[in-house]
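Novice: Sharing a structure below in structure tokens format, with a few things to ask.
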């Protein structure tokens, strides 16, 4: 049993949980994830570790309530318990000093981007951060990111905050300006966003790392469910990833596999109608 | 007295048949297929044992259960004594009585099998173990142990780990099992369906180990949550029995289409996470009208029979050799056939074909013929030119086997591995690192429950000697 110490709503359907998991907190490095199950009989949900404090033995998790499993996780109040928190899983992010880097976050991906951007800044990189969301209420961690970013640029689809449009608008400006062009780009967010970013950087030859979120069961390489084609090879996101070279990822295959249970999820939503789905 | 039966009288008794759930009914439910013998049947079957001096059955058992002893007690109706004799050597008898391939182990060596049918040791083991579970309150508890003051860690809660843990605990060592998944049993729970091995049986066998003092911590992934190095510092000895979990992929076009599963994923969803079994389970699973399972082992049989129970109209085994070359147990093949499973033999998959939305719709296959024997001693399948055909399948399950999972071993470069990534050990289970022992599938590659248990037992004996000398 893993105690939930804090549970804060950051945006509609998006929660920030602080969970007691001393062993995981001590072992964790940026880029790694945990598999969480709220109670017996529930789904195993992979969640990126947003932050960890080895001294207090706590993890910070950002959870977007989408399906039945994630809705039950965010419903656990402070003082309540999660039945299972297993990890840290996956490969830690490879951090080095590239000089100028851009960190691109979309929606809840921004929360996952946060520890990575911080680690990049600490390694001496000059970090330009671009974050986007549907509207102002979905813009996360702007102030926190500004604390170590050379600049934070914001886009919203409805123009309610920052520039109207997608994060790619801002990235295009950076790529076109030789004085500002990043050496490396890190993109975390919805699959279409990561795909668009990778296509945008490709002609410029700018290395682009994306963090993938395929369907996952055990997280240890056992089931092969999280396989994704990178280059010509099938890789397991749980043990080989979750971060991969965005220019080599088969985003279409990933997007397809993510729809595998849409019908099941729709049925679950109907069965649980009134359960507080935003 | 029953033991006064003459050999002739014993030889005149016919082998008992295991009562089973009706095939049409059971092919749509997850309740256990084999229903177990009655006391009367079990005693009569036990009386078939000739009590021969040479006891070849014991040598045929990887954990060397004293088969003649427990069978003789059962023949006399002394069930407590039978249970005592059986459980002395086997930590998981109710599991073994259900999933061991007795026909190639103890029963294969039975003298009665030379002419006629061997004693049904597996049925008897199951009977005695089930009786012991139902009557545990009346049985004497485990003998008191003398604490050794030593601590041992066990990696993995499957058959190897559970056996090693039980053996170490009864020898007085303090044992903690670390399990990566959220529940106990390892492959027993996620890999073997309810209709062959009910989860309640695993729960009870695990409970017995907890009763002798074994601690179990789930959600701890050795190699990630804790390193092997940390275990070596915190414990006096370590046993690694983390299994072989890494699926062998098909390596054909379309294997990433929606609807294509590895056996591990398919079985884990159903067996560990309740998909399709527990009403209103949140775990999704694709059911499919046509399900093709590629492979011919026991895991393939488990998958195809599960698919049938999840409602498949056509549940098919696709195997590139013939039925007699299939590695699955004869009983499993027989049960699958009774349940309406189709066997598409001498057929190799070439590709999974999909629709425009990325869903699997068919398996493109090629007919095969059997040529000369290959390295495995089985006749090598060779493709028949121009024999391609498409088999409709919305769900395709790859049951081609597993390889060694590198998650733990990759983080301990000093641990010596063979070229397949399996841990190298001596015959006692000792690895290249002092105080670290290993067994089960991570050492031998994909094998059986009982071989893993045998490894756990042998390694525990070696660990006990190591702990006492250190």
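The values are calculated or read from the model by the stated rules, or taken from the named source; none is laboratory data. Keep in mind the model is a prediction, meaning the values are calculated, not measured. Note: ideal-geometry Cβ built from the backbone for every residue, glycine included; neighbour counts use all protein chains shown.
Novice: Taking residue B:361, is it more than 25 Å from the chain's Cα centre (by Cα), in a strand (DSSP E or B), modelled with pLDDT of 95 or more and on the phi < 0 side of the Ramachandran plot?
Specialist: Details: more than 25 Å from the chain's Cα centre (by Cα): yes; in a strand (DSSP E or B): yes; modelled with pLDDT of 95 or more: yes; on the phi < 0 side of the Ramachandran plot: yes.
So residue B:361 fits the description; yes.
Novice: Looking at the structure I just gave you, is residue B:173 at pLDDT 95 or above, farther than 22 Å from residue A:37 by Cβ and either under 23 Å from the mean Cα position of the chain (by Cα) or not assigned by TED's automatic domain parsing to the domain that holds residue B:268 (or both)?
Specialist: Details: at pLDDT 95 or above: yes; farther than 22 Å from residue A:37 by Cβ: yes; either under 23 Å from the mean Cα position of the chain (by Cα) or not assigned by TED's automatic domain parsing to the domain that holds residue B:268 (or both): yes.
Criteria met by residue B:173.
Novice: Right, here's the next one. For a quick check of your reading: which helices (runs of 4 or more DSSP H) sit entirely within the range B:199-308 and have at least 3 residues that are surrounded by fewer than 23 Cβ atoms within 10 Å (Cβ to Cβ)?
Specialist: Details: elements: B:199-211, B:228-234, B:263-267.
Hits in the range B:199-308: B:199-211, B:228-234.
Novice: Name the single residue that is nearest to the other protein chains (Cβ to nearest Cβ) among those in the range A:7-38 being surrounded by fewer than 20 Cβ atoms within 10 Å (Cβ to Cβ), in a loop (DSSP other than H, G, I, E, B) and in contact with a strand residue (DSSP E or B) (Cβ under 8 Å, 6 or more places away or on another chain).
Specialist: Across the range A:7-38, the extreme among qualifying residues is A:29.
Novice: Would you call residue B:88 touching a strand residue (DSSP E or B) at 6+ places or on another chain (Cβ under 9 Å), assigned by TED's automatic domain parsing to the domain that holds residue B:55 and touching a residue at least 12 places away in the same chain (Cβ under 8 Å)? Steps first, answer last, please.
Specialist: Numbers: touching a strand residue (DSSP E or B) at 6+ places or on another chain (Cβ under 9 Å): no; assigned by TED's automatic domain parsing to the domain that holds residue B:55: yes; touching a residue at least 12 places away in the same chain (Cβ under 8 Å): yes.
It is false that residue B:88 is touching a strand residue (DSSP E or B) at 6+ places or on another chain (Cβ under 9 Å), assigned by TED's automatic domain parsing to the domain that holds residue B:55 and touching a residue at least 12 places away in the same chain (Cβ under 8 Å).
Novice: State which residue is surrounded by the most Cβ atoms within 10 Å (Cβ to Cβ) when the search covers only the range A:90-132 and only residues that are on the phi > 0 side of the Ramachandran plot and touching a strand residue (DSSP E or B) at 6+ places or on another chain (Cβ under 7 Å).
Specialist: Going through the range A:90-132, the residues on the phi > 0 side of the Ramachandran plot turn out to be A:90, A:99, A:107, A:124.
Next, from what is left, pick out any that are touching a strand residue (DSSP E or B) at 6+ places or on another chain (Cβ under 7 Å): A:90, A:99, A:107.
Numbers: A:90: 28, A:99: 11, A:107: 21.
Checking each candidate, the answer is A:90.
Novice: May I pose another question? Taking the range A:92-104 as the search range and keeping residues that are at pLDDT below 95 and either under 12 Å from the mean Cα position of the chain (by Cα) or under 22 Å from residue A:19 (Cβ atoms) (or both), which one is nearest to the other protein chains (Cβ to nearest Cβ)?
Specialist: Step by step, filter the range A:92-104, then rank; the result is A:92.
Novice: For residue A:137, work out the one condition from (1) under 25 Å from residue A:214 (Cβ atoms); (2) surrounded by fewer than 22 Cβ atoms within 10 Å (Cβ to Cβ); (3) at pLDDT below 90 it doesn't fulfil.
Specialist: Against the list (1) under 25 Å from residue A:214 (Cβ atoms); (2) surrounded by fewer than 22 Cβ atoms within 10 Å (Cβ to Cβ); (3) at pLDDT below 90, residue A:137 comes up short only on (1).
Novice: Tell me, please, whether a residue that is surrounded by fewer than 22 Cβ atoms within 10 Å (Cβ to Cβ), at the interface with another protein chain (Cβ under 7 Å from one of its Cβ atoms) and farther than 24 Å from residue B:187 by Cα can be found in the range A:215-238.
Specialist: Yes, that holds for at least one residue.
Novice: Continuing with the same structure: Can you name every one of the strands (runs of 3 or more DSSP E) wholly within the range B:377-470 that holds 3 or more residues which are more than 14 Å from chain A (Cβ to nearest Cβ), in contact with a helix residue (DSSP H, G or I) (Cβ under 6 Å, 6 or more places away or on another chain) and in contact (Cβ under 8 Å) with a residue 12 or more places away in the chain? Don't jump to the end; show me each part of the working.
Specialist: Numbers: elements: B:379-383, B:389-392, B:395-398, B:436-438.
Hits in the range B:377-470: none.
Novice: Out of everything in the range A:64-73 that is surrounded by fewer than 23 Cβ atoms within 10 Å (Cβ to Cβ) and closer than 22 Å to residue A:211 by Cβ, what residue ends up being farthest from the other protein chains (Cβ to nearest Cβ)?
Specialist: The selected residue is A:64.
Novice: Restricting attention to the range B:171-198, which residues are out of contact with any helix residue (DSSP H, G or I) (no Cβ under 7 Å at 6 or more places or on another chain), farther than 30 Å from residue B:28 by Cβ and surrounded by fewer than 21 Cβ atoms within 10 Å (Cβ to Cβ)?
Specialist: B:172, B:174, B:176
Novice: Exactly one condition in (1) surrounded by fewer than 23 Cβ atoms within 10 Å (Cβ to Cβ); (2) modelled with pLDDT under 90 is false for residue A:81; which is it?
Specialist: If we test residue A:81 against (1) surrounded by fewer than 23 Cβ atoms within 10 Å (Cβ to Cβ); (2) modelled with pLDDT under 90, just (2) comes out false.
Novice: Still on this structure: With the structure loaded, tell me whether residue A:257 is surrounded by 14 or more Cβ atoms within 10 Å (Cβ to Cβ), assigned to a loop (DSSP other than H, G, I, E, B) and either under 21 Å from the mean Cα position of the chain (by Cα) or more than 11 Å from chain B (Cβ to nearest Cβ) (or both) or whether it fails that test. Can you show your working first?
Specialist: Details: surrounded by 14 or more Cβ atoms within 10 Å (Cβ to Cβ): yes; assigned to a loop (DSSP other than H, G, I, E, B): no; either under 21 Å from the mean Cα position of the chain (by Cα) or more than 11 Å from chain B (Cβ to nearest Cβ) (or both): yes.
Against the criterion (surrounded by 14 or more Cβ atoms within 10 Å (Cβ to Cβ), assigned to a loop (DSSP other than H, G, I, E, B) and either under 21 Å from the mean Cα position of the chain (by Cα) or more than 11 Å from chain B (Cβ to nearest Cβ) (or both)), residue A:257 does not qualify.
Novice: Residue B:185 versus (1) at negative phi; (2) away from chain A (no Cβ under 11 Å): which is the lone unmet condition?
Specialist: Among (1) at negative phi; (2) away from chain A (no Cβ under 11 Å), the lone unmet condition for residue B:185 is (1).
Novice: Determine whether the range B:336-348 contains at least one residue that is part of a helix (DSSP H, G or I), within 20 Å of the chain's Cα centre (by Cα) and within 14 Å of chain A (Cβ to nearest Cβ).
Specialist: Step one: filter the range B:336-348 for residues part of a helix (DSSP H, G or I), giving B:336-338.
Then drop every residue that is not within 20 Å of the chain's Cα centre (by Cα), which leaves B:336.
Now restrict to residues that are within 14 Å of chain A (Cβ to nearest Cβ): none.
No, every residue in the range B:336-348 fails to be part of a helix (DSSP H, G or I), within 20 Å of the chain's Cα centre (by Cα) and within 14 Å of chain A (Cβ to nearest Cβ).
Novice: Would you check if residue A:61 is within 13 Å of chain B (Cβ to nearest Cβ), crowded, with 23+ Cβ neighbours inside 10 Å, under 30 Å from residue B:275 (Cβ atoms) and in contact (Cβ under 8 Å) with a residue 40 or more places away in the chain?
Specialist: Working: within 13 Å of chain B (Cβ to nearest Cβ): no; crowded, with 23+ Cβ neighbours inside 10 Å: yes; under 30 Å from residue B:275 (Cβ atoms): yes; in contact (Cβ under 8 Å) with a residue 40 or more places away in the chain: yes.
The answer is no for residue A:61.
Novice: Moving on to the next point. If we scan the range B:191-210, do we find a residue that is modelled with pLDDT of 95 or more, within 28 Å of residue B:142 (Cα to Cα) and at the interface with another protein chain (Cβ under 9 Å from one of its Cβ atoms)?
Specialist: So far as the range B:191-210 goes, no, none of its residues is modelled with pLDDT of 95 or more, within 28 Å of residue B:142 (Cα to Cα) and at the interface with another protein chain (Cβ under 9 Å from one of its Cβ atoms).
Novice: Taking only pairs six or more apart or across chains, which ones have beta-carbon atoms under 6 Å, a first residue in the range B:268-285 that is more than 9 Å from chain A (Cβ to nearest Cβ), and a second residue that is in a loop (DSSP other than H, G, I, E, B)?
Specialist: From the range B:268-285, the pairs are B:270/B:276; B:271/B:193; B:275/B:281; B:275/B:283; B:275/B:285; B:276/B:285; B:276/B:310; B:277/B:30.
Novice: Starting from residues that are in a helix (DSSP H, G or I) and without any contact (Cβ under 8 Å) to a residue 24 or more places away in the chain, keep the ones in the range B:102-135 and report whichever is nearest to residue B:196 (Cα to Cα). Please lay out each step first, then the result.
Specialist: Taking the range B:102-135 first, the residues in a helix (DSSP H, G or I) are B:102-104, B:106-109, B:111-113, B:121-134.
This time we only want the ones that are without any contact (Cβ under 8 Å) to a residue 24 or more places away in the chain, so: B:102, B:104, B:113, B:134.
Numbers: B:102: 15, B:104: 18, B:113: 25, B:134: 19 Å.
It comes out as B:102.
Novice: Also: Look through the range A:39-49, keep the residues that are part of a strand (DSSP E or B) and within 12 Å of residue A:82 (Cβ to Cβ), and return whichever of them is farthest from the other protein chains (Cβ to nearest Cβ). Steps first, please.
Specialist: From the range A:39-49, those part of a strand (DSSP E or B) are A:45-49; that's our starting set.
Now narrow it down to the ones that are within 12 Å of residue A:82 (Cβ to Cβ): A:45, A:47.
On the way: A:45: 10, A:47: 14 Å.
So the residue we want is A:47.
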